[in-house]
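Just so you know, all these numbers are worked out from the coordinates, no wet-lab data involved. The structure presented is a predicted model; accordingly, all values stated were derived computationally and were not measured. Here Cβ is always computed from backbone atoms with ideal geometry, including for glycine, and neighbour counts include all displayed protein chains.
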């Protein structure tokens, strides 16, 4: 089973596009704090910068309201790893493909 749930803050990388097929696509970075891991020098929670993508109706919905600094819950997604070989260098990139989401309430 490939099921991902994540919660975090939308970073400043937000890219909207349309595929040649006409399908909407959005890419963004989700900044996720670790619940358990802390930086040994600063004793602050470690963060991960997670690449996220959405397609179709999900992308359209996200595009209308996504903004840098906004809190987002990915309630359903899946991991996808892509591979690209360039100049004898292997480049792997793992992203969350967002299928369902909720925005966190702001106080």
Length gained when the stretch residue 34-residue 100 is fully extended (0.36 nm per residue, less Cα-Cα span): 21.6 nm
Choice from 30, 19, 79 showing the highest fluctuation, given a GNM over the chain with Cα pairs closer than 10 Å: 19
Rg and Dmax [Cα atoms of segment 4-103; Å; Rg one decimal, Dmax integer]: 15.0, 49
Residues 15, 101, sorted so that the one with the fewest Cβ neighbours within 10 Å comes first: 15, 101
Likely footprinting exposure, 13, 92, fewest C-beta neighbours within 10 Å first: 92, 13
Normalised alpha carbon radius of gyration of segment 1-40 [divisor 2.2 N^0.38 Å]: 1.66
MRE, 222 nm, helices only [DSSP H, n ≥ 4, -39500 (n - 2.57), over the chain, to nearest 500]: -2500 deg cm²/dmol
